[in-house]
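The next block holds one structure in the form of structure tokens; read it before the comments.
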Amino acid sequence: MDDEHGWTPLEIRPGDIGASADADGLLAYLADRQLIGDLLVKEKALVFRGFGVARDRLEPVMDGVLPNRLAYVHGNSPRTKVGDNVYTSTEYPAEMTISMHNELSYSSRWPARLMFYCEIAAETGGATPVVDGTRWLGALDEEVRDAFAGGVRYTQNLHDGYGLGKSWQDTFETEDRDRVEEYLADMEATWEWRPDGALRVSQIRPATIRHPVTGDEVWFNQADQWHPAALGDETAAALADVLPEEDLPQSVSYADGGPIPAEHVLQVRDRGLAEAVDVDWVAGDVLLIDNVLVGHGRRPFTGSRRVLVAMTD
């Protein structure tokens, strides 16, 4: 990976650390958790290449860097659970670009780290772009940063088993309404059960936060992904003919309820992608990122691609 953007993830290969070129070599290096933690905060993202980690050796590798693996509760993107709190990366069509974002930044609780593992590399494309959150924030016009200063309001409409988007059962990995309400209360969200069994959830969150160790201020919201403008003109127009914005599976406004201009979220999306550095995959690669300091996304691809993700607090 080049460093034309002034920052790039740190690549670690067996020869760099005097380790064997296999999962055992990587596991021995990961055993020093203090070293890995300090290095991750310093470098923001680490790419482990050349260790050829096979799928059946993935669990101990994850245990080494994700001490308290989390379920993808309250996640808003389609993915499949394939192990003990291990998931496929977002299952959007291969031709789509997934814009930059920090996992669960729309929630009051988010994972501190994410680990990605490439089981099958795409035939072409399919890189995971990563972006330094301080550079993303600095790339935005002052007008846009000022407009977001008061924060954003996220609204989700989660159906009861049939409809657009995700169901509340899939989102919270339960069919128990009491458990959902307990979770939402803990998240300081507001909610309403609809007559048709659907659930409407609203949360007000800041647009930027500071890293708890470095103090760096980073762009940390998903307004561009929740805004109808991100769907493209034709898709947004088609949905507008069917549903008012407040009834879409997800929508976003400024914290005071005011509308966010399309040009603002498109600037956020496009400049985040422009500042990103691509991590090109080879099967067996592992990527570890600090989920506050670094945003991530996905480039379009052809052929089969299978990248798994897990997270920790």
Margin query: Of the conditions (1) touching a residue at least 12 places away in the same chain (Cβ under 8 Å); (2) in contact with a strand residue (DSSP E or B) (Cβ under 8 Å, 6 or more places away or on another chain), P259 satisfies every one except a single condition; which number is it?
Written below: (1)
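Restricted to region 176-187, and to residues that are part of a helix (DSSP H, G or I) and among the acidic types (D, E), which residue is surrounded by the most Cβ atoms within 10 Å (Cβ to Cβ)?
Taking region 176-187 and keeping what is part of a helix (DSSP H, G or I), we get 177-186.
Next, from what is left, pick out any that are among the acidic types (D, E): 178, 181-182, 186.
Details: D178: 8, E181: 15, E182: 11, D186: 10.
Only one residue fits best here, namely E181.
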Note to self: Quick check on my filter: what residues within region 53-67 are under 15 Å from L287 (Cβ atoms) and either in a loop (DSSP other than H, G, I, E, B) or of a type in the set (A, V, I, L, M) (or both)?
What the structure shows: V53, L58, V61, M62, V65, L66
Note to self: Checking P228 against (1) under 19 Å from S99 (Cα atoms); (2) at pLDDT 95 or above; (3) of a type outside the set (S, T, N, Q), only one condition comes out false. Which one?
What the structure shows: (2)
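Within region 294-302, identify whether any single residue is over 17 Å from H101 (Cα atoms) and either at pLDDT 95 or above or not assigned by TED's automatic domain parsing to the domain that holds V213 (or both), and answer yes or no. Please lay out each step first, then the result.
Step one: list which residues in region 294-302 are over 17 Å from H101 (Cα atoms), which gives 301-302.
Right, trim to either at pLDDT 95 or above or not assigned by TED's automatic domain parsing to the domain that holds V213 (or both) and you get 301-302.
Looking for residues that are over 17 Å from H101 (Cα atoms) and either at pLDDT 95 or above or not assigned by TED's automatic domain parsing to the domain that holds V213 (or both), one finds at least one in region 294-302, hence yes.
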Check: Does S89 satisfy being among the hydroxyl-bearing types (S, T, Y) and under 13 Å from the mean Cα position of the chain (by Cα)?
Finding: yes
Next item on the list: Could you figure out which of (1) modelled with pLDDT of 95 or more; (2) assigned to a strand (DSSP E or B) isn't true of E143?
Entry: (2)
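I'd like to know if region 72-94 contains one or more residues that are modelled with pLDDT of 90 or more, part of a loop (DSSP other than H, G, I, E, B) and surrounded by 14 or more Cβ atoms within 10 Å (Cβ to Cβ). Even if it seems obvious, please write down each step before you answer.
Keep residues of region 72-94 that are modelled with pLDDT of 90 or more, which gives 94.
When the remaining residues are screened for being part of a loop (DSSP other than H, G, I, E, B), the result is 94.
Those still in the list that are surrounded by 14 or more Cβ atoms within 10 Å (Cβ to Cβ) too: 94.
Yes, the conditions are met somewhere in region 72-94.
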Notebook entry, point to check: So how many residues does region 158-182 have that are more than 20 Å from the chain's Cα centre (by Cα) and at negative phi?
Noted result: 14
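Of the residues that make up region 123-132, is at least one over 30 Å from R153 (Cβ atoms), at pLDDT 90 or above and not in a loop (DSSP other than H, G, I, E, B)?
Step one: list which residues in region 123-132 are over 30 Å from R153 (Cβ atoms), which gives 123-127.
From the residues that got through so far, the ones that are at pLDDT 90 or above too are 123-127.
Subsequent filtering for residues that are not in a loop (DSSP other than H, G, I, E, B) retains 124-125.
Yes, that holds for at least one residue.
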Checklist line | Number of the condition not met by Y117 [criteria: (1) assigned by TED's automatic domain parsing to the domain that holds W219; (2) touching a residue at least 24 places away in the same chain (Cβ under 8 Å)] | finding: (1)
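Please enumerate the residues belonging to region 26-54 that are small (G, A, S) and buried (at least 18 other Cβ atoms within 10 Å of the Cβ).
Taking region 26-54 first, the residues small (G, A, S) are 28, 31, 37, 45, 50, 52, 54.
Scanning region 26-54 gives A45, G50.
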Next item on the list: Considering (1) more than 22 Å from I209 (Cα to Cα); (2) surrounded by 22 or more Cβ atoms within 10 Å (Cβ to Cβ); (3) not polar (S, T, N, Q), say which one P300 fails and leave the rest.
Entry: (2)
Next item on the list: Would you point out which residue out of A283, A274 is surrounded by fewer than 18 Cβ atoms within 10 Å (Cβ to Cβ) and either in contact with a His (Cβ under 8 Å, 6 or more places away or on another chain) or not in a loop (DSSP other than H, G, I, E, B) (or both)?
Entry: A274
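The values are calculated or read from the model by the stated rules, or taken from the named source; none is laboratory data. Here the structure is a predicted model, which is why all the values come from computation and not from measurement. Cβ coordinates were reconstructed from backbone atoms using ideal geometry, including for glycine residues, and neighbour counts include every protein chain displayed.
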